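Report on the structure given below.
The values are calculated or read from the model by the stated rules, or taken from the named source; none is laboratory data. Everything quoted here is computed from the prediction, not taken from an experiment. Cβ atoms come from the backbone with ideal geometry, glycine included; neighbour counts cover every protein chain shown. Keep in mind that these areas ignore ligands, DNA and RNA; they rest on the heavy atoms of the full protein, side chains included. Shrake-Rupley method; radii C 1.70, N 1.55, O 1.52, S 1.80 Å.
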Amino acid sequence: MTAELNILQETDYPLLWSLGELILGIDQEELGEEFIFEADAFISNLDDFLIDDLTRLLKLFNSRFVAMLRVMKFTKFVDMDRELKKEYYQSWTNSKIGLLRTGSSTLRALCGWSYYSLEKSWDDLEIPGKTLGREDKTPTLLEGREPWESWKEGRQ
Amino acid sequence: MIIQPYKLGKKNEFSADIVIVGSGAGGSIAAAKLAEQGFSVIILEEGPYVDKSDFTQEENTLVRKMYRRGGALATDDMSIRILQGKVFGGSTTINWMNSFRTPDHVLEEWAVDYGLHEYLPEYMQPHFEQIEQRMHIHEVPDSDHNQQNRIILDGAAELGIHADSCKNNSKNCIGCGKCGLGCAYDAKQDMRLTYLKDAQEYDTTIYTSCKATEIKYISRDEQIVHAVVQDGTDRTLIFQATRVIVAAGAIMSPLLLQQSGLANSKIVGNYLHLHPVLGSVGLYDRKIYPTYGIPMSAVSHELEDLTNGYGVWQEVPDLEVFLAGVNMPGTGFERKELMKQINNMGVILTLTRDGCSKKSAGSVKWMRGLNTKNGHFSLKKYPSIRYHWDPIDKEHALKGLQQAIELHFAAGATEVLPMHSKMFSIKSKENIDSFFNLPMGPNQLSTFSAHPTGTVRMGMDRSKSAVDETMMLYPYPGIYVMDGSTLPTAPGVNPMVTILGSVSRAIELGNLNL
């Protein structure tokens, strides 16, 4: 990647990938650097006060101290094993403390946006693609085609 | 004439009879009607100029470019995500085209509760007719419903409940299903192609990427608007006018009035209505392709009157992939597998007409200090959006969600998953009740909105309203507010035509006292 990050730093990569893997079920390789850059662009677009909040949330979520309070392990989120990561995230999602659920929702939105707004995710989902210039190959109102089949043929 | 930042000369001060803040539904129709009468009009639009060539169907770039906060607008506690346009044409550029008139019972409620007898159905009808003609609003023909809308039509037929085709503002729509990204085919007859076009024909000048930051009320016939160019230079422009119309929508209009010291009434910023939306995902053993086709072409109004004209209605979305990606229930592998079934998925949206109890459930305000909803702390002012479900509205919404699940099964779904932080699969209609045992608090039951209204509400009683029936801001005779914020109640239908109709009527009534 030649582009530069605006808000996130290279040291944030492991955290973002771990979150993506946990929340979306998509491994780091598949998420790729594009996922990080999209997350960065998403955060950059927020109002300044929310940028501060979101970067603080990422730090808090990865903090050993918060983990100690939630799951009794003095371990950073990125260093937890898969099961503990899940338990820790669920402890935020299912918490009776509204602020923690707000944090969990924010992370879910960040990850969901940063992968599924990318066109590369469409391949995995077998989405027939953009309609522009390929109106007859997609499920539009133009009749006389088998959209799914035409799309697959078009890609072979 | 459109002035984009790169076209700005050295001049920093401008004047016109009327300066309008916002180019959405309210600002556009006001501009067209006033410019036609010969008044000089300037529109200030915070978002960028866009036309057909910009609408490349790329979700990430277009949502970032055209939505407020890049699509991440939400209540402080993130429990309700709000989709709102910040672009030339406002939310009409990115909406899903649904074009209902305001129901008669809502207009009658406005007359009884807010003294707005001038908005009774007989007075509004000619305005709706003109708007429908100008925007090519017509009923979607039966042949054009996509599979997702068929879920509502077929499911309702099976259950023996109401469902019907909707009207929308399109011409030669091919059903690409990308309305939320701007119409690449110029089929959607949004403000850019209708009232903003008309306004320009009568010499209206539109400054895009130009954010109004303050309005100074000097006297009845002299107002000044400060605006900052959104091109990274922070250059300030000054506009002088006889009248100012604030039409920045129900989130930004109250913030601008408060920032300008013009929010004398406690009403400004309160009584936020959102038409909160709950979602349910049905999985089908046939292709649905929810990311294609005309969105919201069918509706069920069966539960629209659960208490005193308040209730819910069912529609289906333009399911952009990012919307599915952000809002699907569950986590991890099971979530990934659910997303993989997107082509066999149908989503029903249950929209609630909120405000049944008449209490203020939400607010939009500037804050300082600690925000207990999101933990934010700052000594500098920051905008805060709060919303608490009223218990009656919530009860209506959950009844509606139950009906949506029944519609899915009646239309042949093999499994239904309501949008909730927990993935909960309902395998048969006999099993629906079990879902409702889950916790349904903020950030548990997923909730969305695309219809913020009501924060500068209209009415004849100054103690209960912020603007009068001509939409003049109490007590500032040179300042008007003309957008969704002035609706005294949630309209109970997708609000575009209600906003257009009410602004059109307000101008007919008062003509800004010019």
From the Cα gyration tensor of region B:1-134, with a ≥ b ≥ c the square roots of its eigenvalues, which class applies: rounded if a/c is under 1.5, or else prolate if a/b is larger than b/c, or else oblate? oblate
If unit charges are put on Cβ atoms (+1 for Lys and Arg, -1 for Asp and Glu) and the dipole of the protein assembly as shown is taken about its Cα centre, the option from B:398, B:309, A:23 lying farthest towards the positive end turns out to be A:23
Per-residue accessible area, 1.4 Å probe, largest first, puts B:144, B:354 in the order B:144, B:354
Mean ellipticity per residue at 222 nm, deg cm²/dmol - from DSSP H runs of n ≥ 4 across chain B, formula -39500 (n - 2.57): -7500 deg cm²/dmol
Within the set of other residues whose C-beta is less than 14 Å from the C-beta of residue A:77, count the net charge using Lys and Arg as +1 and Asp and Glu as -1. +2
Other protein chain Cβ atoms within 10 Å, averaged over every residue that makes up A:97-103: 6
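Based on the alpha-carbon gyration tensor of region B:41-106 and its eigenvalue square roots a ≥ b ≥ c, which shape applies: rounded if a/c is under 1.5, prolate if not and a/b is larger than b/c, or oblate?
Numbers: a/c = 1.62, a/b = 1.16, b/c = 1.40.
It comes out oblate by the Cα gyration axes.
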Within 10 Å of each Cβ in A:124-134, how many Cβ atoms from other chains are there, averaged over the peptide? 5
Karplus ³J(HN,Hα) for region B:320-327 (6.51 cos²θ - 1.76 cosθ + 1.60, θ = phi - 60°; Hz, whole; x = Gly/Pro) runs 4, 4, 5, 5, 5, x, 7, 9
Cα centroid of region A:89-120 to Cα centroid of region B:197-212, whole Å: 39 Å
Inter-probe distance in nm under a simple model that places probes 7 Å from Cα toward Cβ, at residue B:231 and residue B:427: 6.2 nm
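Charges at C-beta only: +1 for Lys and Arg, -1 for Asp and Glu. How large is the resulting dipole of region B:168-287 about its Cα centre, in Debye rounded to 20?
Working: 13 positive and 11 negative charges, 84 e Å.
Computed charge dipole of region B:168-287: roughly 400 debye.
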Which order do the peptides B:404-415, B:223-234, B:257-268 come out in when sorted by mean C-beta neighbours inside 10 angstrom, highest first? B:404-415, B:257-268, B:223-234
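How large is the charge dipole for the protein assembly as shown, taken about the Cα centre, if only the Cβ atoms of Lys, Arg (+1) and Asp, Glu (-1) carry charge, to the nearest 20 debye?
It works out to roughly 1940 debye.
Based on Cβ point charges of +1 for Lys and Arg and -1 for Asp and Glu, what charge dipole magnitude is obtained for chain B about its Cα centre, in debye rounded to the nearest 20? The partial results should precede the final answer.
Details: 49 positive and 57 negative charges, 400 e Å.
Around 1920 debye, computed over chain B.
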Skipping prolines and chain starts, which residues have an amide H placed within reach, meaning under 5 Å, of the one on residue B:214, given they are 5 or more residues away or on another chain? B:226
Distance between Cα centroids, region A:1-65 to region B:92-132: provide it in whole Å. 45 Å
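Just checking the output field for B:140-149: average partner chain Cβ neighbours within 10 Å of each residue's Cβ?
On the way: counts 0, 0, 0, 2, 1, 0, 3, 1, 0, 0.
If you average over the peptide's residues, the count of other-chain Cβ atoms is 1.
Could you calculate, for region B:80-176, the ratio of the Cα radius of gyration to the Kirkwood radius, expressed as Rg to Rh?
Working: Rg = 16.6 Å, Rh = 16.1 Å.
Ratio of gyration radius to Kirkwood radius: 1.03.
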Would you grab the residues whose amide H sits under 5 Å from the one on residue B:80? Only those 5+ places off in sequence or on another chain, please, with H modelled 1.01 Å from N. B:75
Cα→Cβ-extended label distance, 7 Å offset, between residue A:9 and residue A:68, nm: 2.3 nm
Cα gyration tensor of region B:395-514, axes a ≥ b ≥ c as square roots of the eigenvalues: rounded (a/c below 1.5), prolate (a/b > b/c) or oblate? prolate
How big is the gap, in Å, between the Cα center of region B:281-317 and the Cα center of region B:1-55? 36 Å
For chain B, the helices passing both cut-offs (Cα extent along own axis of 18 Å or more, Kyte-Doolittle mean at least 0.0, full DSSP H runs) are B:496-510
